[in-house]
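Peer 1: Take this structure, written in structure tokens, and hold onto it; I'll ask about it next.
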Amino acid sequence: MFCDKAVINLISQAPGKVAHDKNIAWLDASGKRLRRWLGLSESQFYQQQLVNVLPMSFCFPGYKNGADAPPLKACAPQWHPHFLSLSNASLTIYLGRYAQQNYLPQYATLTAAVQDYEALLNQNCIALPHPSGRNNRWLKRYAWFEQSTLPALRTRIRNLLAG
């Protein structure tokens, strides 16, 4: 559910198969990693007035080449403007390449957007890679992400929660 009082908007790709089947976003290993990245407990993450989850596509898009297919392209342009017009969130997190390409197209790559976390946090947003295990190689290659980006993000979230 989308709440106009939520502190964080999380714009991500499409729900995975587990989320689709259980009708609960991020209820899988990727969600566990994401909550750790954000410094939020499971109960905090699912608090209606804390985090809005707004996927680029609202349903599981199926599989393509052994992985989740890309989000359906029609969903975000159709629905995001309405939901975001209701939002008073203090921080927007663009999670994964699809969200980054749609909302932060000035960056040639997701990595470039993630690297510019300080400038983006000054604009009350941030780009993150998808927390899937498929990105373990990226996380290992770019160790600065866990050493610099995540602590800055967690500090911002703690400050927002503290009011």
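Peer 1: Residues that are surrounded by fewer than 19 Cβ atoms within 10 Å (Cβ to Cβ), in contact (Cβ under 8 Å) with a residue 12 or more places away in the chain, in contact with a Ser or Thr (Cβ under 7 Å, 6 or more places away or on another chain) and not in a helix (DSSP H, G or I): does the stretch 128-141 have at least one?
Peer 2: yes
Peer 1: Looking at the stretch 92-108, can you tell me whether even one residue there is touching a Phe, Trp or Tyr at 6+ places or on another chain (Cβ under 6 Å), surrounded by 13 or more Cβ atoms within 10 Å (Cβ to Cβ), within 24 Å of ALA19 (Cα to Cα) and touching a residue at least 60 places away in the same chain (Cβ under 8 Å)?
Peer 2: Scanning the stretch 92-108 turns up at least one residue that is touching a Phe, Trp or Tyr at 6+ places or on another chain (Cβ under 6 Å), surrounded by 13 or more Cβ atoms within 10 Å (Cβ to Cβ), within 24 Å of ALA19 (Cα to Cα) and touching a residue at least 60 places away in the same chain (Cβ under 8 Å).
Peer 1: Is it true that some residue in the stretch 119-136 is on the phi < 0 side of the Ramachandran plot, in contact with an Asp or Glu (Cβ under 8 Å, 6 or more places away or on another chain) and not hydrophobic (A, V, I, L, M, F, W, C)?
Peer 2: Checked the stretch 119-136: no residue is on the phi < 0 side of the Ramachandran plot, in contact with an Asp or Glu (Cβ under 8 Å, 6 or more places away or on another chain) and not hydrophobic (A, V, I, L, M, F, W, C).
Peer 1: Can you tell me which residue among LEU91, LEU86, LEU153, LEU160 is within 17 Å of LEU50 (Cα to Cα) and modelled with pLDDT under 95? Give the derivation first.
Peer 2: Details: LEU91 fails: modelled with pLDDT under 95; LEU153 fails: modelled with pLDDT under 95; LEU160 fails: modelled with pLDDT under 95.
Selected residue: LEU86, the only one of LEU91, LEU86, LEU153, LEU160 that is within 17 Å of LEU50 (Cα to Cα) and modelled with pLDDT under 95.
Peer 1: Looking at (1) more than 12 Å from the chain's Cα centre (by Cα); (2) at pLDDT below 95, which is the only condition TYR98 fails?
Peer 2: Only one criterion in (1) more than 12 Å from the chain's Cα centre (by Cα); (2) at pLDDT below 95 is unmet by TYR98, namely (1).
Peer 1: On to the next question. Being farther than 12 Å from ILE11 by Cβ, touching a residue at least 24 places away in the same chain (Cβ under 8 Å) and buried (at least 18 other Cβ atoms within 10 Å of the Cβ): is that true of PRO71 here? Quick ask: steps written out before the conclusion?
Peer 2: On the way: farther than 12 Å from ILE11 by Cβ: no; touching a residue at least 24 places away in the same chain (Cβ under 8 Å): yes; buried (at least 18 other Cβ atoms within 10 Å of the Cβ): yes.
So PRO71 fails the test.
Peer 1: Another one. All but one of (1) at pLDDT 90 or above; (2) part of a helix (DSSP H, G or I) hold for TRP26, so report the exception by its number.
Peer 2: (2)
The values are calculated or read from the model by the stated rules, or taken from the named source; none is laboratory data. Just so you know, these numbers come straight off a predicted model, no measurement behind them. Every residue, glycine among them, receives a Cβ derived from its backbone with ideal geometry; neighbour counts consider all protein chains shown.
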